[in-house]
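Novice: Input: one structure, supplied below.
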Amino acid sequence: MKHRIVVLGAGYAGAFAAGNLARRLSPADTEITVVNAVPDFVERMRLHQLAIGQDLAFRKLADVFAGTGVRLRLARVTGVDPERRTVAVTGEDGGGELAYDTLLYTLGSSVAHHGVPGVAEFAFDVTARSSALRLRERLAGLGEGGTVLVVGEGLTGIETATEFAESRPDLSVALAARGELGAWLSPKARRHLRQAFDRLGITVHEHTGIEAVEPTRAIAADGTSIPADVTVWSAGFAVHPIAAASGLEVAETGQIVVDRTMRSVSHPDVYAAGDCAYAIGENGRPLPMSCASAGFTNMQATAAIIARLTGSEVPTTGLKYYGNHISLGRRDAIFQMVDGDVRPKSWYLGGRTAARLKSGVLKGAGWGIAHPTFGMPKRKRRLATAPDRSDARVAA
Ligand SMILES: Cc1cc2nc3c(=O)[nH]c(=O)nc-3n(C[C@H](O)[C@H](O)[C@H](O)COP(=O)(O)OP(=O)(O)OC[C@H]3O[C@@H](n4cnc5c(N)ncnc54)[C@H](O)[C@@H]3O)c2cc1C
C-alpha cells in the first residue's frame with residue numbers, strides 16, 4: 001500500500017511542493033496527486049500584465065509534471081472531509097472523491113470584496129486568470145480618455161495602476177488609497193513611488209475609502225464621486241470557504257491555522273501552505289498573503305511531510321521577510337529592504353536595476369516550478385512505516 005499524498009492547488013505553493021515531494025520521496029511507496037482547477041500553471045504575479053493586454057504564455061501543468069511521477073487531476077475541489085480523509089472534486093470526468101493519507105492544502109485566494117455594494121456586480125479584478133481576462137476584454141474596448149480607477153494602495157494596487165498607466169497612456173488612471181500612498185515605505189522609496197506616479201500621470205485619491213461601486217463611478221465614504229468607466233478592485237485577498245466548511249480549524253480570515261511546521265493544529269494529516277495558511281512568521285505575526293510566503297510555507301510543509309514520513313527530525317526552514325519588491329511598470333520598480341518587524345530600512349533599490357531584479361525573481365519562480373526534477377537526488381527516500389489506514393473508509 002502506497003502512502004497517498006494529495007496536493008490541492010497547483011499555484012506557487014502547490015506546484016512547487018508537489019515537484020519537491022516527487023523529487024525526494026520514492027515512488028515505490030508514495031503516490032502524489034495534484035488537483036487543480038485549470039490546466040496551466042497561472043503566474044498570478046503577472047495577471048495585471050495579462051489584464052492590460054500583454055501576451056503571456058502559461059505553462060501546461062501536464063508538461064510541468066511530465067516524467068516526475070506526479071499524477072495531475074484537473075478538477076475543482078468542492079470540499080474536504082478531514083475525518084474520512086477524502087476530498088470531493090468535480091470536473092469534466094464527472095468528479096467524485098479522492099482519498100488521502102496526507103493532504104497539502106494550497107488553494108490560494110481570490111479577491112476580497114469586503115461586502116462593499118456594487119463590487120461583485122460592477123468591479124473587475126486581477127486575482128485570477130479568468131477575472132484578468134474579463135478585464136483585458138473590457139480595457140481593450142475602452143477608448144482614449146477612458147477612466148480607470150484602481151481601488152487599494154497595497155502592492156497589487158500599485159503594480160496594477162502603474163502597469164496600466166505605462167501600457168495605456170491614452171487612458172486616465174487613478175488610484176484610491178484608504179491611507180497615504182506608500183506609507184509603509186522608507187522616505188526615499190516613498191518619494192520614488194510618488195515620482196513614478198507623477199511621471200505616469202496617475203491621479204491619487206488619498207484617505208479615500210470606497211464605499212460603493214457603480215457602473216461608471218465609485219463613491220467614497222465622504223460622498224465624493226470618482227468617475228470610472230472601469231473600477232479595478234484591489235483591496236486585498238480572501239480565501240475560499242472550503243477550509244472553514246470542512247471542520248479544519250481556521251482563523252477569522254478563513255485560513256487554516258497551522259503550527260510551525262505548517263501542519264493543521266486540528267488535523268495532523270493536513271498541511272497548508274501559501275495564501276490559505278494562517279502561519280506565524282519569525283516576528284510573531286501572521287505571514288502576509290504573498291508569493292514569498294507561499295515559498296517559505298511550502299518549503300516548510302514539504303520538509304515536515306518528508307521528515308515525518310521517513311522518520312527523521314523535522315527541520316525548521318526560514319519564515320522571515322527581507323524586503324518587498326514592487327513593479328512600477330516594466331522599466332521601474334522599488335525593492336524596499338525591511339527589518340525583522342517588517343519595518344522599512346532606510347535602504348531601497350529603485351529604477352531599472354530594481355525592475356530587472358524583479359523580472360529575474362518572476363522568471364526564477366516560474367523556472368523553479370517548471371523544472372521540478374532539477375537537483376534530483378540520486379537516491380529518493382523511502383518511508384519509515386506503512387500508512388495507517390485503520391480509519392480510512394473510502395477506497396482511492
Ligand atoms: C496581480 C498580482 C500581483 C502579485 N504580485 C506579487 C508580488 O510581486 N510579490 C508577491 O510576493 N506576491 C504577489 N502577489 C500575490 C501572490 O500571487 C499570491 O500570494 C500567491 O499566488 C499565493 O500562492 P498560492 O500557491 O497560495 O496560491 P495561488 O498561486 O493562487 O495558487 C492556487 C491554485 O489553486 C487552484 N485552485 C483554487 N481554487 C481551486 C479549487 N476549488 N479547486 C481546484 N483548484 C483550485 C488555482 O487554480 C491555483 O492554481 C500578486 C498577486 C496578484 C494577483
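Bear in mind that the values in this text are calculations on the coordinates, not laboratory data. Just so you know, these numbers come straight off a predicted model, no measurement behind them. Neighbour counts are summed over all protein chains in view; Cβ atoms, including those assigned to glycine, are modelled from backbone coordinates with ideal geometry.
Novice: Fewest Cβ neighbours within 10 Å first, please rank Met262, Met1, Met289 accordingly.
Specialist: Numbers: Met262 30, Met1 10, Met289 21.
Starting with the residue having the fewest Cβ neighbours, the order is Met1, Met289, Met262.
Novice: Here is a follow-up. Amide H neighbours of Leu25 under 5 Å, counting only residues 5+ apart in sequence or on other chains, H built in-plane at 1.01 Å?
Specialist: For Leu25, whose amide H was placed from the backbone, the distant partners under 5 Å are Arg381.
Novice: Starting from the Cα of Lys345, draw a straight line to each of the lysines and keep only those under 25 Å, dropping any in the same chain fewer than 8 residues away.
Specialist: Cross-link targets: Lys188, Lys320, Lys358.
Novice: Additional query: Under a point spin-label approximation (7 Å from Cα along Cα-to-Cβ), what is the Thr385-Arg191 distance to one decimal in nm?
Specialist: Rounded to a tenth, the inter-label distance reads 6.2 nm.
Novice: Please rank Tyr271, Tyr322, Tyr100, fewest neighbouring Cβ atoms within 10 Å first, as an exposure proxy. Write out the running numbers ahead of the final one.
Specialist: Values: Tyr271 30, Tyr322 14, Tyr100 25.
Ascending Cβ contact count within 10 Å gives the list Tyr322, Tyr100, Tyr271.
Novice: So, one more: Using 7 Å Cα-to-Cβ label points, what is the Glu144/Thr373 separation (nm, one decimal)?
Specialist: Each label point lies 7 Å from its Cα, and together they span 5.4 nm.
Novice: I'd like the orientation of helix 352-370 relative to the chain: the angle between its Cα long axis and the longest Cα principal axis, in ° from 0 to 90, rounded to 10.
Specialist: Approximately 30 degrees, to the nearest ten.
Novice: Mind ordering 296-305, 35-44 by average Cβ neighbours within 10 Å, highest first? Please list the in-between numbers first.
Specialist: Numbers: 296-305: 25.2, 35-44: 20.3.
Order by mean packing, descending: 296-305, 35-44.
Novice: Near Lys2, which lysines are there with a Cα under 25 Å away, not counting those fewer than 8 places off in the same chain?
Specialist: Lys378, Lys380
Novice: Express as a percent, rounded to the nearest 5, the fraction of DSSP beta bridges in the chain (both residues included) that run antiparallel.
Specialist: Numbers: 33 of 66 bridges.
Roughly 50 percent of the beta bridges in the chain run antiparallel, per DSSP.
Novice: Then there's this: Using a simple charge model, +1 on the beta-carbon of Lys and Arg, -1 on the beta-carbon of Asp and Glu, nothing else, what dipole does the chain show about its Cα centre, in debye to the nearest 20?
Specialist: Numbers: 45 positive and 40 negative charges, 359 e Å.
Around 1720 debye, computed over the chain.
Novice: Something else about it: Which one, Ala112, Ala196, Ala221, has the greatest fluctuation when you compute a Gaussian network model over the chain with C-alpha springs under 10 angstrom?
Specialist: Ala221
Novice: Determine the sum of side-chain charges near Met337: Lys and Arg each +1, Asp and Glu each -1, restricted to other residues whose C-beta is under 12 angstrom from that of Met337. Before the final figure, lay out each step's value.
Specialist: Values: positive: Lys188, Arg343, Lys345; negative: Asp339.
It works out to a net charge of +2.
Novice: Just grab the label-to-label distance for Lys363 and Arg71, each label 7 Å out from Cα along the Cβ direction, in nm (one decimal).
Specialist: With each label placed 7 Å out from Cα toward Cβ, I get 3.7 nm.
Novice: A further question follows. Along the charge dipole of region 117-233, which of Ala161, Leu171, Gly223 sits closest to the positive end, that is, farthest toward it, with unit charges on the beta carbon of Lys, Arg, Asp and Glu (+1, +1, -1, -1)?
Specialist: Going by the charge dipole, the pick is Ala161.
Novice: Here's something else I'd like to know. Figure the gain on full extension for Ala245 and Leu133 (residue separation times 0.36 nm, minus the Cα-Cα span) and round it to one decimal in nm.
Specialist: Net length gain for the segment: 37.4 nm.
Novice: While we're on this one: In percent, what relative contact order does the chain have, based on Cα pairs under 8 Å that are 6 or more apart in sequence? Please report the intermediate quantities before stating the final value.
Specialist: Values: 894 pairs, mean separation 79.1, N = 396.
Contact order relative to length: 20 percent.
Novice: Calculate how steeply helix 12-24 sits against the longest principal axis of the alpha-carbon atoms of the chain, using the helix alpha-carbon long axis, and give the answer as 0 to 90 degrees to the nearest 10.
Specialist: Here the helix axis deviates by roughly 30 degrees.
Novice: What is the gain in length, in nm to one decimal, between Gln54 and Thr316 on full extension, counting 0.36 nm per residue of separation less the C-alpha to C-alpha distance?
Specialist: Details: separation 262, 0.36 × 262 = 94.32 nm, distance 3.95 nm.
That works out to 90.4 nm of additional length.
Novice: If each residue's Cβ is checked for other Cβ atoms within 10 Å, how do His3, His113, His192, His48 rank with the fewest at the top? Numbers along the way, then the final one.
Specialist: Details: His3 20, His113 17, His192 23, His48 28.
So the ranking, lowest neighbour count to highest, is His113, His3, His192, His48.
Novice: Which whole-number percent is the relative contact order of region 117-233 (Cα, under 8 Å, 6+ apart)? Provide the component values of the computation, followed by the final result.
Specialist: Numbers: 208 pairs, mean separation 38.2, N = 117.
RCO, region 117-233: 33 percent.
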